[in-house]
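Enquirer: Attaching a single structure in structure tokens format; questions to follow.
Readers should treat all values here as calculations from the given coordinates under stated rules, not as data from a laboratory. Computed from a prediction, not measured in an experiment: that's the story for all the values here. Here the Cβ positions follow ideal geometry from the backbone for every residue, glycine too, while neighbour counts run over all protein chains shown.
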Amino acid sequence: MLTATLVVALRNPIHSALSLLVMFFHVAGLYVTLHAEFLAAIQIIVYAGAILVLYLFVVMLLNIKREEQFNKQGVVAMFLGFVLLAETVLLGISRGFLIASPHAPLPVQAGASVGNTESIGELLYSTYLFPFEIASLILLVAMVGAVILTKKGIMEPKS
Amino acid sequence: MDVPVEYYLALSGLVFLIGLVGVLVRRNIIIILLSIELMLNATNINFVAFSSYLGNLAGQVFVFFALTVAAAEVAVGLAIIIALYRHHESINVDDFSLLKW
Amino acid sequence: MAVLINGFLGHKYSHDLAGRIAFGSVGLSFLCALTVFMGVMADPTPREVIAYSWIFGGDLHVNLGFLIDPLSAVMLMVVTGVGFLIHVYSVGYMHGEEGFTRFFVYMNLFMVSMLLLVMGNNYLVLFIGWEGVGLCSYLLIGYYFHKVSAAKAATKAFVVNRIGDAGFLLAIFLMFVNFKTLDYTKALANVGQLSTEMATAIALCLLVGAIGKSAQIPLYTWLPDAMEGPTPVSALIHAATMVTAGVYMVVRNHVLFDMAPVAMATVGIIGGLTALFAATIGLVQNDIKRVLAYSTVSQLGYMFLACGVGAYTAAIFHLVTHAFFKALLFLSAGAVIHSLNGEQDIRKMGGLSKKIPITYKVFLIGTLAIAGIPPLAGFWSKDEIMAHAFVNHYYVLYLFAAIGAFLTSFYMFRLTYLTFYGQSRVDPEVDKHIHESPPMMTVPLMVLAGLAILGGFMGVPPEHGWLHGFLASVATPLGAVPHEVSMGTLMGLMAVAISIALGGWGLAHYMYSVKPGMADEWSERYAGAYRTFLNKYWVDELYDAIIVEPCKRLGQIWDWFDQNVIDRFIRGIGHGADASGAGITWTEKHVIYAGLNVVGYANHLLAWSWRKLQTGMVHHYAAVIVIGLFILVHFLFVWLLGTSVL
Amino acid sequence: MSIPLADLVTILPECLVVLAACVLFVLDPVMPASKKDFLAWMCVGTLVVCFFITAAGMGEKTFAFSNLVVVDSYASFWKLLLYVVSGMTILLSIGYLKEERIDLAEFYGFIMLSLTGMMIMVSGSDLLVIYLGIELMSISLYIMCGFKRFEAKSIEASAKYFILGAFSSGLLLYGISLIFGAAGSTQLVEIAAAVNARGLDDPLVLIAMMLIIVGFAFKVAAVPFHMWTPDVYQGAPTTVTAFMAVASKAASFAAFLRVLLEGFGGVKPNWSGLILGMCILTLILGNIVAIVQTNIKRMLAYSSIAHAGYALIGVVVAGWMGTGAGVASAGVSSIMLYLAIYSFMTMGAFAMVAILRRGGLEGEELDDFTGLAKRHKGAAFLMMLFMISLAGIPPTAGFIGKFYLFMAAVNAGLTWLAVVGLVFAAVSAFYYLRVVMVMYMREPSSEQELETRLALSPTAMVVLAFAVAGVVFLGVYPGPLVSIATSSALPLP
């Protein structure tokens, strides 16, 4: 359950991407334990397989060297880390608050037989048909946009 | 599974915060994007956990959508990064300072 | 109804770009106004004309409508009458100026707004006219746009006015919340239902608006600066019509003020103080128009004082006479300036009475009128105000008014003596070209002079003049007990007033005609006071220092903050106690980057944006977002905690 | 797995807009370059058709797609506004893109898809749908910001907007996931039920609400979540800036209000207090910082922040404790009115900036407006009109908008808030009139004297005409708009 600590290791450029990969696998594992096998598969295929490869590809393409002058970085990090620590504590308190709160316990419905691919598909194409369409539009925009922004020679810069 | 939902919440909260810190702390735009991915993943953990505990499949569908959006954002984000890079390359900047956000 | 024609005519001619027909159209509207006026004289019951339903929806329903009653009829006469004369004058004055057409377009726009202001049947129409005249005044002050001071003065006038307007708008809101209507007739009929506190609040808000527009303490500073505009503008807007809008509004809402003694007292005190205060500044100014401007502020103070003591008719009476003689003074001052090729400093005038006799004569008439020498117009109206203050037992205000009157008389005669008598101090170059103004300008002056002489008689005998009867239905204080003042008291007060006026005259005569050196001697002897007056009590500087500068500073600070402070701040913290280290790092970084920039790009803009990219604004932005989020969370926590404890 | 026809009819306008975008993407490569304008006109035509469809269906309240989408008159009002604004943007872009040499027909496609996102936002009755709508809108906007690829500023703006946008939408999504945990659904109706049952004592609801508020506050550029606005507005192509400043803001406000009122209606006092704080900060900061700006796009960015502040007054009113339903809905309708009017005047102002764009000159610095009155009487006059309206001076429409907002505030007993708003409206006159002053009261430099060409295409003229008509007509005769806004205000519980 403490896989997240691994991700804190995201310090160096390519390594951080790789550690994110590890983190994704762990999350996928979590999904399996939560009866979300379909999502686990998706997580691995899409995130690990596609998105991260894309990242690594870009990192390689842009040929980024170790970018840290840890010194300067550390100064900023120290301050913000400090603030964030305070924030974490605050959130921790609120979490404690959650557990203690009489309203908080969520109704646990045991043994729901969900999590298989079919029922998700069923739901996706019935109730959530509309968002599904929107998601497809988002992908369309992203696709065209990426092409527009990066393809050479479609807009000649002014002389 | 007997793991109480609070644990998942705590985990996702932690991951979310790490992502948040990442956005704030890192200067490399790619790592910032990765951190945002972390935040989205935290969200997904939440959704799945709740879905499982509420016996409501909808949560998993949401993860599906969140994933799609994340993918789209990555595509656009990386495109922007490349354009940015290309731009600055084209005017001959020393690449040691490149893309340090 | 002629009103309608008038209104529509107004709308039409504002779009008329031909400057030359402008004064014709104003003349036409004057004729219409005259007709209306006759109509009202025959039958003084108020009547309303509704053009169309302007705003509706919800519970707000506002018509664009007009209300004609004796009060607006009088205002109408003043506005169109004086406006007409000034337009005629302007054709002569502005002849050959650049942007002649523009000038008349603005002037006509102003007339339209002013007519809307006085004829509207509800507060919103009044407000639109109100803002409209403000806007036109802004445009006209800034008419000589190549003068930086003019542009500044214009902005100042506008912004100060807007502050007043905010008060007025607030009053409108309160009024609507209380009455559910904005029509005068309906709202004012229901005033009785208000609590005294609410009435006071509304009245004070209205007062803020009136103060802004009518240049009273503490918002008077814009008016003297507004003299940067062309002289006819000063005459029309900043003397005769627009600045009196505040007085008109107070009188229009006198029912409300009657209910709120505190507000009334405030009006009176502000008026009295302004009358005195502005007069003292007027004593030592050297710019002919500025002297007149301060005298306008001071005279407006009298009108407010009159309102404050419940003498609404007297206020309107003074408004009318003031419009006559102040327009006269301004226009003849304009003629002087015109003939001297734009010279405004009275130290460089003198001995002009021979060279421009007509101007001299009308200016003298104006001076006599404003100083309160009987039987000219100013005497009757000012005397009436003072008498009201006296018999209503506002002795302090009476004292203020009396001293103010003395000072007025003094500085006006000082002005006259310095300008028209004594040795000529005019530049020899200019001296050769001194000429009388063309008839296009002198004729209106003579008409106005006639009015300044005769205008007072519409309020004679005091308390029972024709004007009083005419305005009785609209300007009688609520629940006023008609007190009989003995003729003796009245006569006594008149005598006092006359002697005050003559005293001022005498002193001025003595100082500037008989013993010319004396003024300088005095100014040295009382150097402190002199400088204080000359610098207008440093009020402008004070406002600049406490309001304008901090605002700008704040904006700059934030802008700067936006660009580098967060960065610096973060670094500073990072370096812990070593605060100077932060500075060094910062400089170092920027020096290095600057070096890089010089090497890297010639383009400064790019350099700038690149540096910006480098300094990592984005995650600072993100940090601000997060910090904001947590502030919100804390806020809510504390709040919840608080409510649960409570 | 069949798509119910009735549902499709309900979202017919959305379908049409998407269809237009798709047709455009397909046709673009096969069309000869000279015919590209045709595609823009096709989009405008689609918008006109959609306008009539939506207008005809106004007043009904229909749910579709398992209650994920609601088409009520509130949504229709916003959609109508969005059509008009998008249409104006497209028309303005036809000339502007050529001037900037970025005339790709895809641009219009992005506008259409972004518009689709906005339409989904305003008529989503489910947080998930609203989120997806936001993403669709935002991603299109990120791309459009970076459309001037060859210019560092533009790409930078895009990158900044993207990072911060993704970040804030991450916050928003996390909030949604928490509220899903609390309510077991993302439907606004069920969220409302859960919120009512649990109240804010439940930290889950509390944190979710905070995150959601922050997410939306970012989109409407309320202080302290506004930091991106000036940079992005300045860097993006002008027509995109106009589109962002107007359409995206309007849609975000629409969704924000719906979520707050329909989803978190049970805890009104809490959020209205928060928004009150933001609102005052926004008013102060937006107006004060605008004073020192020298770049007109940056100045307009701060002005748009300030205007968001005014509109937030309406949000506060809508949620203020102890206000009757009538007053609260007056708050809502005054926002609708305000933003509609704001759209026209801001669009007009940006259109002016866009047409001042000349080959070498940006037309973005305040100095570029120097002595405009000398060079282009008409242009200067129109700009003055927009500035006056933005400053809220009658008889322009800007006054009406402010009047209703402040009136709503006073009615809700928030007189002091109205005073704050009024004071800052007075301050705002200062920087708006500075533009007027620069145009009318300064002599153009000799160099500027020579440049008399305006990038004034016929379509830009149409846009300006629309904007002017909006500013003047709505100022002189706002009645119809007011009654539409009033009748289509969100029904309040």
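Enquirer: Could you tell me the calculated FRET efficiency between C:Arg425 and C:Tyr510, based on Cβ-Cβ distance and R0 = 30 angstrom, to the nearest 0.05?
Expert: For R0 = 30 Å, the calculated efficiency reads 0.90.
Enquirer: Let me ask something additional. Return the subset of D:Lys219/D:Lys402; A:Lys151/D:Lys249; C:Lys213/D:Lys377; C:Lys180/D:Lys249; C:Lys156/D:Lys249 for which the Cα-Cα distance in this structure is over 24 Å, preserving the input order.
Expert: Violating the 24 Å Cα-Cα cut-off are A:Lys151/D:Lys249; C:Lys213/D:Lys377; C:Lys180/D:Lys249; C:Lys156/D:Lys249.
Enquirer: Note down the nm distance, to one decimal, between modelled labels 7 Å out along Cα→Cβ at C:Val443 and at D:Lys98.
Expert: With each label point 7 Å from Cα toward Cβ, the separation is 5.6 nm.
Enquirer: At D:Lys61 and C:Leu399, where each label point lies 7 Å from the Cα along Cα→Cβ, what is the point-to-point distance in nanometres?
Expert: 6.9
Enquirer: Rounded to the nearest whole Å³, what is the per residue volume of the convex hull around the Cα atoms of the stretch C:108-261?
Expert: Each residue corresponds to 87 Å³ of Cα convex hull volume.
Enquirer: Give me the inter-chain shielding for D:214-225: mean count of other chain Cβ atoms within 10 Å, whole number please.
Expert: Mean partner-chain Cβ count within 10 Å for D:214-225: 3.
Enquirer: Between C:Glu436 and A:Leu56, what is the label-to-label distance in nm when each label sits 7 Å out along the Cα-to-Cβ direction?
Expert: According to this spin-label approximation, the distance is 10.2 nm.
Enquirer: Which residues make up the longest stretch of chain D clear of trypsin sites (Lys or Arg not before Pro) that lie in a DSSP loop with no more than 15 other Cβ atoms within 10 Å, not counting the sites?
Expert: D:102-357
Enquirer: Now, a different point. Across peptide D:138-145, what mean number of C-beta atoms from other chains lies inside 10 Å of a residue's C-beta?
Expert: 6
Enquirer: Once you have the Kirkwood Rh of the stretch C:255-404 from its Cα pairs, apply Stokes-Einstein at 20 °C and 1.002 mPa s and quote D in µm²/s.
Expert: After rounding, the answer is 134 µm²/s.
Enquirer: Using a 10 Å cut-off around each Cβ of peptide D:275-281, what is the average number of partner chain Cβ atoms that fall inside?
Expert: Mean partner-chain Cβ count within 10 Å for D:275-281: 1.
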